[in-house]
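Here is the structure we will look at, set down as structure tokens.
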Amino acid sequence: MLGDKGRSFIEAQLLCDAHLSFILVQAALDGHPLPDTPRRLKALLADVLDRARAPFTPHGTRAVAGHPLPLSVLYRGHVLLMLAGMHRAGMADEASTALFDALAAQLVEALSRQVWLPSFGKSAIWPCDSAPAAAGLLLHGRLRGNAESHAAGGRLVARLVELAALPTGFPAKVDAKGRPVEATPRGTTLAWTGAFLAMASHPAAKTFTTTLVDGYCDHPAGDLLPFAACREWPRGVKGREDSASGPLVHGGYSIGASALAIAATRLSDAHQPWHAHLLNAAREMGIGSTLERPGDFPLESALYWWGTTVRPW
């Protein structure tokens, strides 16, 4: 991240491919499709089904419509959303539709057996990583008229909301039964969850985005100046930085939480001023130079442009 090899992000290829596909879909839905969008969407999906699998395959795969897909809920949720986007934009074909249906059915079945599915291995369970899968299931249910997918997506959202209502707040990590392993909430996980649930137009997105803004976001230069940033850790908690948070600057403001908050607040009618102020801060901190070099900063660029164009599907 940010050109620093010490800040590795092993799921970067998955996120780059997926979020670029989201940007292409959003442009098409807004009536301004980029050139050759159907071919580009197919190429991104092909890359996710091949190269982007690598960090997840050591923990096992399962065939879905002829593709050996990793068991990770993070991976499968992003693939499901990519397929939902292709379907929503009218750019799906027979093969992608078959994969869309089969992957949704496999997730419904897996969630019927285990309350929380892991992101990596069998024990690395980040509840926020279930948000893309929840959104994908809701969208599959809506776009394909599938009651089972829609119901499973709703149940998964309800589980996320139940965790958010814990006295300690929305935990960063849990075990397979939903018991907190790392109980302290984080800005990145709240923003991530709020943004993805809002992509599926689920009202529970408000729970996570409001908690984020009220508890983690400030105007560091004073309330009269239109610059906002969000903390990784609750006010008064001095936590570490990692690949998810990105660098912590100026007393705990997180690059990761602030970047993801751009998407979450854009999708929230109640937080449009915060969206504008987060964008102002990003420009002030030099996002322009990053966007001028997307080849050097592909993930940062993809997440920023997703956050500034994201819309409900």
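Each reported figure results from applying straightforward, stated rules to the coordinates on display, with no laboratory input. What you see is a predicted model; the values in this text were computed from it and never measured. Heads up, the Cβs are rebuilt from the backbone with ideal geometry, glycines too, and the neighbour counts pull from every protein chain shown.
Available extension along the chain between residue 59 and residue 34 is 5.4 nm, counting 0.36 nm per residue and deducting the alpha carbon span. Just to check, using Stokes-Einstein with a Kirkwood Rh over alpha carbon pairs, what's the diffusion coefficient of region 266-313 at 4 °C and 1.567 mPa s in µm²/s? Taking Rh from Cα pairs, D becomes 112 µm²/s.
Helix 298-309 and the long axis of the chain differ in direction by around 90°, with both axes built from C-alpha atoms. At the listed q of 0.24 Å⁻¹, the Debye profile of region 110-175, built from one uniform point per Cα, gives log10 I(q)/I(0) equal to -1.02. Summary of packing: across the peptides 140-149, 21-30, the per-residue average of other C-beta atoms within 10 Å ranks them, highest first, as 21-30, 140-149.
For residue 161, neighbours were defined as the other residues whose beta-carbon sits under 12 Å from its Cβ, and their charges (Lys and Arg +1, Asp and Glu -1) total +2.
Considering only 228, 281, 137, whose Cα is most displaced toward the positive end of the charge dipole of the chain, charges sitting on Cβ of Lys, Arg (+1) and Asp, Glu (-1)? The one lying farthest along the dipole's positive direction is 137. Region 210-287 and region 124-193 have Cα centres lying 22 Å from one another. In order along region 141-147, phi translates into HN-Hα couplings of x, 6, 6, 10, x, 9, 5 Hz, rounded to whole numbers, per the Karplus curve 6.51 cos²θ - 1.76 cosθ + 1.60 with θ = phi - 60° and x for Gly and Pro.
Taking packing as the residue-averaged number of other Cβ atoms within 10 angstrom, the listed peptides 204-214, 95-105, 292-302 run from highest to lowest as 204-214, 95-105, 292-302. Note on residue 114 and residue 95: the extension gain reaches 4.0 nm, defined as 0.36 nm multiplied by sequence separation minus the Cα-Cα distance. Cβ distances below 4.7 Å define possible disulfide partners, and in the chain the cysteines left without one are 16, 128. Net charge in the neighbourhood of residue 251 (other residues with Cβ under 13 Å of its Cβ; Lys, Arg +1, Asp, Glu -1) is 0. Against the chain, whose longest principal axis is taken from its Cα atoms, helix 272-284 shows a tilt of about 70°. Helix 94-113 axis versus longest C-alpha principal axis of the chain: approximately 70°, rounded to the nearest ten. Spin-label model, residue 238/residue 311: points 7 Å from Cα along the beta carbon direction are separated by 4.6 nm.
Classify region 1-131 as rounded, prolate or oblate from the Cα gyration tensor: take a ≥ b ≥ c as the square roots of its eigenvalues, call it rounded if a/c is under 1.5, otherwise prolate when a/b beats b/c and oblate if not. Oblate is the answer for region 1-131, as a/c is 1.5 or above yet b/c matches or exceeds a/b. Checking [x] 6, 29, 38, 22, 5, 0; [y] 6, 25, 35, 24, 9, 0; [z] 6, 24, 31, 24, 12, 3, 0 against P(r) over Cα pairs in 10 Å bins from 0, in percent calculated from these atoms, the matching label is [x].
Can you give the log10 of the normalised intensity I(q)/I(0) at q = 0.12, 0.19 Å⁻¹, computed with Debye over equal Cα scatterers of region 70-224? Here log10 of I(q) over I(0) equals -0.49, -1.10.
Here r is the Cβ-Cβ distance between residue 144 and residue 269 and R0 is 25 Å; the resulting FRET efficiency, rounded to 0.05, is 0.35.
Counted by Cβ distance under 14 Å from residue 112, the other residues give a net charge of +1, where Lys and Arg count +1 and Asp and Glu count -1.
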